[in-house]
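To start, the structure under review is shown below, and the notes come after it.
The values are calculated or read from the model by the stated rules, or taken from the named source; none is laboratory data. The model shown is predicted, which means the values in this text are computed figures rather than measured ones. Every residue, glycine as well, gets a Cβ built from its backbone with ideal geometry; the counts of neighbours run over all protein chains shown. Quick note on the areas: whole protein, heavy atoms, side chains included, nothing else; ligands and nucleic acids left out. Shrake-Rupley method; radii C 1.70, N 1.55, O 1.52, S 1.80 Å.
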Amino acid sequence: MKNKIASIDTKGNPIQKEINYIPFRYIIAILLTVLETLAVIAILVVLAKYVPYFYIAILLTEIFVVLNIINSNDNPDYKIPWLLLVLLVPVAGFMIYFMYYSRELPKKFRKKFAMIQESQIKDDSSEFTSLKNEDILAYRQAQQLCKTADTHLYQNTRITYFDVGEKMFDSILTDLKKAEKFIFLEFFIIEEGVFWNSILEILKDKCSQGVEVKIVYDDIGCMTTLPGDYYKELSKYGISAVPFAKLRGQANNEFNNRSHRKIMVIDGKIGYTGGVNIADEYINLKVRFGHWKDTAIRLCGESVSEFTKMFLIDYSMNVKHEVNTKEYLFSYQCEDSGYVIPFGSGPRPMYDKEVGKSVIINMLNQAKQYVYITTPYLIIDNELCQAIENAAIRGIDVKIVTPHIPDKKLVFSMTRSSYRRFIENGAEIYEYEPGFIHAKMYISDDEFGMIGTINLDYRSLVHHFENGVWMYRCDVISDMKQDFLATMEQSIKMEQDTLKDNLMKRFIRAVVRIFAPLL
């Protein structure tokens, strides 16, 4: 049975919307990428056939590529599909490797990144000393995170938790109306509808009052939700908008390394993040996969400056002019308990380590009582699988909630394929029966929490630019736990005898799983 798509406005009246389409610019970019790839491969095939001894050069190149993959520092789960591709499809395989394997970003990108990261030097030694005196394990987690993500440890931040997107929506509108200096928005998806139109009306009004508004939206994430030149439309209202990593039809890694971040900053004092994109299904005004369960947080205090830096990095990477970041960075305290680290994660060389993955593994390895996780997908490498299993084996109460109604059937099948090994080792898996759970939330021992945009899949953990907030002994963690337990009560507990599939499904899933790190 197909999911029905319906949209209503805030008064309960139906909204008639046009069917989404892919703007012409994207079609051209995709075609150019495919044609360039095929042309290069075809030239090599012809040369190998008609030029004497050229096949020897091809053989040596293939050997070089295989050795290079084996000797790289990449995760073995990432090496295997590339090795198979190169060995099974010799010429096309290593050419695709040369074109798409490297995740190197342009030098100007890295230069701006470093410049903005250094624009605010925060002395967080007093916070680290205080945390070290409280809990040495928490101190070690915070120290590792700050070093690998080039971020800082904060106190004086008040956090509010939203257990559904609708509550975040109401809070955002209230805060936006109070903006006095600047508003920054960065989202993977923005779609015209009640959610975005409500925000846009406020942004127009604020621009007329002299408030500076900047927006970053992902060019692929919004491929079917916005016109291809929507940034030009926004500029008419005084809004400076830019698509992240605009597609240009080049045979390289431009289809990877997308911005999956969800960040809103208001006056440098208030910040929002979580799983919620700006589209009507995220606030249940449009029904796609049953009830859409998502979560988000609002930060008020000095830690918001990290979100400001993150946004300005992504914005400046995609515009030609220089951005004076110092005028947007300042300290604003909002007293509350606990410690907070807003952080970003993403591809190398911007981030040398897999930051989000490290945070989750540390939480699992150091847990004393429980680890609770909500995630829309569960397609992870062996290292993370073993961390989950080892926690369960040593008696930690590991509970994971995933969707019961999928948004992508093949991905859902792969997610389910991971259940058996976790259940056999003592972890508990639940599926959210009312619909699709999009929340990315991690809680441990009533003390540690992490919420943001990081899914448990390869694309999120390896390829995408993501963001999150690590928390220790913050009052909001109890709210997150209560919501998790309430969500679990609405979920179906998975048992081994309910996870049987036929031979064909298992075969398809096995093949897709091999190449999952490349998807």
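Taking Cα centroids, how far is the stretch 283-314 from the stretch 164-192 in Å?
With the stretch 283-314 and the stretch 164-192 each reduced to a Cα centre, they are spaced 8 Å.
Please work out which option in [x] 295; [y] 162; [z] 225 gives volume of the Cα convex hull per residue in Å³ calculated from these coordinates, and answer with its label.
The value matching this structure is [y].
Take S171 and L88, extend 7 Å from each Cα along the Cα→Cβ direction, and tell me the distance between the two endpoints in nm.
Using points 7 Å along Cα→Cβ, the separation is 4.6 nm.
If R0 is 30 Å, what FRET efficiency do you get for S478 and C334 from their C-beta distance, rounded to 0.05?
Step by step, r from the Cβ atoms, then E = 0.95.
Is there a pair in K262/K326; K408/K505; K206/K309 whose C-alpha atoms are over 20 Å apart, and which pairs would that be?
With Cα atoms farther than 20 Å apart: K262/K326; K206/K309.
In a shell of Cβ-Cβ distance under 10 Å around Y154, excluding Y154 itself, what net charge do Lys and Arg (+1) and Asp and Glu (-1) give? Mind dumping the intermediate values first?
Numbers: positive: K122; negative: D124, E127, E302, E306.
Around Y154, the charge tally is -3.
In debye to the nearest 20, how big a dipole does the stretch 175-296 give about its Cα centre with +1 on each Lys and Arg Cβ and -1 on each Asp and Glu Cβ?
160 debye
So, for the stretch 201-333, what is the accessible surface per residue at a probe of 1.4 Å, expressed in square angstrom?
31 Å²
If the only charges are +1 at each Lys and Arg Cβ and -1 at each Asp and Glu Cβ, what is the size of the charge dipole of the stretch 358-460 around the Cα centre, to the nearest 20 debye?
Roughly 300 debye for the stretch 358-460.
Can you show me the helix-derived [θ] at 222 nm for the chain, built from DSSP H runs with n ≥ 4 at -39,500 (n - 2.57) apiece and divided by the number of residues, rounded to the nearest 500.
-13000 deg cm²/dmol
Magnitude of the Cβ-charge dipole of the chain, K/R +1 and D/E -1, about the Cα centre, nearest 20 debye? Display every interim value, and only then the final one.
Numbers: 61 positive and 64 negative charges, 305 e Å.
Charge dipole of the chain: 1460 debye, to the nearest 20.
For the chain, which whole-number percentage of the solvent-accessible area (1.4 Å probe, protein heavy atoms only) is attributable to carbon and sulfur atoms?
That share works out to 56 percent.
Under the rule a/c < 1.5 gives rounded, and otherwise a/b versus b/c splits prolate from oblate, where does the stretch 373-519 land using the Cα gyration tensor?
prolate
Cβ neighbours within 10 Å, averaged per peptide: list 224-234, 263-273 in order, most packed at the top.
Going by the mean number of other Cβ atoms within 10 Å, highest first, we get 263-273, 224-234.
May I ask for the net charge around K177, where only other residues with Cβ less than 11 Å from the Cβ of K177 are counted and Lys, Arg are +1 while Asp, Glu are -1?
The answer is -2.
Under 5 Å between amide hydrogens, which residues at least 5 positions from V276 or on another chain qualify, with H placed 1.01 Å from N in the peptide plane?
Those lying under 5 Å, H to H, from V276 are T295.
Filter the cross-link list K177/K286; K147/K357; K178/K269; K368/K399; K132/K357; K181/K440 down to pairs whose alpha-carbon distance in this structure exceeds 19 Å.
Checking Cα-Cα distances, K177/K286; K132/K357; K181/K440 exceed 19 Å.
With θ set to phi - 60° and the Karplus curve 6.51 cos²θ - 1.76 cosθ + 1.60, what are the ³J(HN,Hα) couplings of the stretch 203-216 in order, to the nearest whole Hz, using x for Gly and Pro?
Working through the residues one at a time gives 4, 4, 5, 5, 4, 5, 8, x, 6, 7, 10, 10, 9, 10 Hz.
L456's amide H: which non-local residues (gap 5+, or another chain) put their own amide H closer than 5 Å, with H modeled 1.01 Å from N in plane and none for Pro or chain starts?
Y377
Around L461, with a cut-off of 10 angstrom between Cβ atoms, what is the net charge of the other residues, counting Lys and Arg +1 and Asp and Glu -1?
Summing Lys and Arg as +1 and Asp and Glu as -1 gives -2.
Using modelled amide H (1.01 Å from N, peptide plane; none on Pro or chain starts), what sits under 5 Å from the amide H of Y332, excluding residues fewer than 5 places away?
E302
Could you report the stretch 366-519's accessible area per residue, 1.4 Å probe, as an integer in Å²?
39 Å²
I'd like the Karplus ³J(HN,Hα) series for the stretch 464-470: coefficients 6.51, -1.76, 1.60, θ = phi - 60°, whole numbers in Hz, and an x wherever there's a Gly or Pro.
Couplings: 7, 7, 10, 8, x, 10, 8 Hz.
Hey, what do the phi angles of the stretch 257-263 turn into as Karplus ³J(HN,Hα) couplings, whole Hz, using 6.51/-1.76/1.60 and θ = phi - 60°, x for Gly and Pro?
With the stated coefficients, the stretch 257-263 comes to 6, 7, 8, 9, 6, 10, 9 Hz.
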